[in-house]
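A quick write-up on the structure given underneath.
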Amino acid sequence: MNAQEVKNRISEDFHHFHSHPELSYQEFKTTEKIKEELQSQGIEILPLDLETGCVAQLGQGERCLALRCDIDALPVQEETSLAYKSQIKGVMHACGHDFHTATMLGTAFLLKECENQLKGRVRIVFQPAEEAPGGAKKILESGALNGVEAIYGIHTINDFKPGTLAIKEGATHAAVDRFSITFKGKGTHAAHPEQGIDTLVIASQFVNAAQTIVSRNSNPFDSNLLSITHFEAGNTWNVVPETAFLEGTIRTMNQACREMVKNRLVELAKGIAATFGASAEVQWIFGLPAMQNSKDLSDFARDLAKQDGFETAVPPSSLGGEDFALYEEQLPGAFVQIGTGPSLPNHNPRFTADEQALFPAAQFMAHLAKQYLAEFKK
């Protein structure tokens, strides 16, 4: 395909994926469509043990670079007026994964045209279940990245106009952890509180004290967050509750802060409970690590973007999670965020991505892969 044919093809693909979204681990028709598009151009699909998602490979040689996109949608009812809006009730591509998928198909098509010029191999990962999250684990477990020396990922960003490439080294997305706490006291009649141990009061004390974990224990220049999002105690007006339940999330940008916040939260919960003669059971669920983009890979992509005439920018850091971080635990990686114009935020039912940025993004990612294999020194 020539450039115009690729441009037209991926625009059609983008509309198709947006109209036919599928949730995490349910991307069966999406995967089938991706494979059909790849096979139509004679692009190799690796025989991996994946129920959804797939990995394409182009080129030959010892060196191998991976490019990753995600393909799943969200349980959101679309409220846009797009001609190609979602046809699936309660499911929408509200985070740009349809844009990512079409971009990487375009990247594959463009690389196919210069495959004999590649100084190594390019693996293009169409990853399922980023929103679950955890689809990255499926890709890693499949062996798809065996022999890969580095990986680039892409994501839309509505802070910048279409075609702007936003690239930043270091931490860009937070570690995501979850906690739950059950306070256990002694239930009693509300008219005789002295005969019980009031867990509602204990849990309330903890809610207030927990806000000091970040404000009084971490450096003000660190980006840490603690949110208590669920508080449940009692079920009627005249009984002091015997138990109280809390849960929430912690977001941190480095491992030292992650450990500090966890330790202080456990100490506060148990200490406050003990002060009132109660107990606290704390459950901590480790989630995704923080993303740590390679400076060398980020610099290489940024320099190439400028050479190609793209406007570049530094994206703001986010306390949202991104399972691309799981790849970066295994090998060097970097994120390229693609400006798609002003829009309501990701995960909003009226989120949109301007497809003017689609073909330029595919062109850049194809050029990035080609130049990485030819020029980048490990």
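The values are calculated or read from the model by the stated rules, or taken from the named source; none is laboratory data. These figures come from a predicted structure and were not determined experimentally. Cβ sites come from the backbone with ideal geometry, for glycine too, and all protein chains shown count toward neighbours. We work out accessible area using only protein heavy atoms, side chains counted, and drop any ligands, DNA or RNA first. Shrake-Rupley method; radii C 1.70, N 1.55, O 1.52, S 1.80 Å.
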Just to be sure I understand: with springs between alpha-carbon atoms less than 10 Å apart, which residue in E169, E328, E242 has the highest mean-square fluctuation in the Gaussian network model of the chain? E242
Under the definition of Cα pairs under 8 Å and six or more residues apart, what whole-number percent is the relative contact order of the stretch 1-120? 36
Can you find, among A369, Q337, Y327, the residue farthest towards the positive end of the dipole of the stretch 309-378? Put +1 on the C-beta of Lys and Arg, -1 on that of Asp and Glu. A369
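Which percent, nearest 5, of DSSP beta bridges in the chain are antiparallel? Present the calculation step by step, with values, prior to reporting the outcome.
On the way: 42 of 63 bridges.
Antiparallel bridges: around 65 percent, rounded to the nearest 5.
Using a cut-off of 12 Å between beta-carbons, work out the net charge of the residues near I250 (Lys and Arg +1, Asp and Glu -1, I250 not included). Each step should come with its number before you reach the end.
On the way: positive: R178, R251, R258, K262, R264; negative: D177, E247, E259.
Within the 12 Å Cβ shell, the charges total +2.
Just from its helices, what would the mean residue ellipticity at 222 nm be for the chain, if runs of 4 or more DSSP H residues each count -39500 (n - 2.57) and the sum is divided by every residue, rounded to the nearest 500 deg cm²/dmol? Don't skip to the end; give the middle numbers.
Values: 9 runs with 130 residues, N = 378.
Result for the chain, helices only: -11000 deg cm²/dmol.
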Quick one: how many Å² of M1 are accessible to a 1.4 Å probe, rounded to 10? 50
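Relative contact order for the chain: what percent, with Cα pairs under 8 Å and sequence separation of 6 or more?
Values: 861 pairs, mean separation 91.3, N = 378.
Once normalised by length, the contact order is 24 percent.
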In whole angstrom, the spacing between the Cα centers of the stretch 201-242 and the stretch 358-378 equals 47
Which net charge results for the neighbourhood of P241, defined as the other residues with beta-carbon distances under 11 angstrom from its beta-carbon, given Lys and Arg at +1 and Asp and Glu at -1? -1
Find the centroid of the Cα atoms in the stretch 98-168 and in the stretch 317-351, then give the distance between the two in whole Å. 12
Angle between the Cα long axis of helix 199-217 and the longest principal axis of the chain, 0 to 90 degrees, nearest 10? 50
Summed over the other residues with a beta carbon less than 11 angstrom from that of K138, with K and R at +1 and D and E at -1, the charge totals -4
Considering the chain as a Gaussian network with a 10 Å cut-off on Cα pairs, which listed residue, T107, T164, T199, attains the greatest mean-square fluctuation? T199
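Find the relative contact order for the stretch 231-378 and round it to a whole percent, using C-alpha pairs within less than 8 Å whose residues are 6+ positions apart.
Working: 99 pairs, mean separation 25.6, N = 148.
Computed over the stretch 231-378, the figure is 17 percent.
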Under a Cβ-only charge scheme (Lys and Arg +1, Asp and Glu -1), can you give me the dipole magnitude of the chain about the Cα centre, in debye to the nearest 20? 560
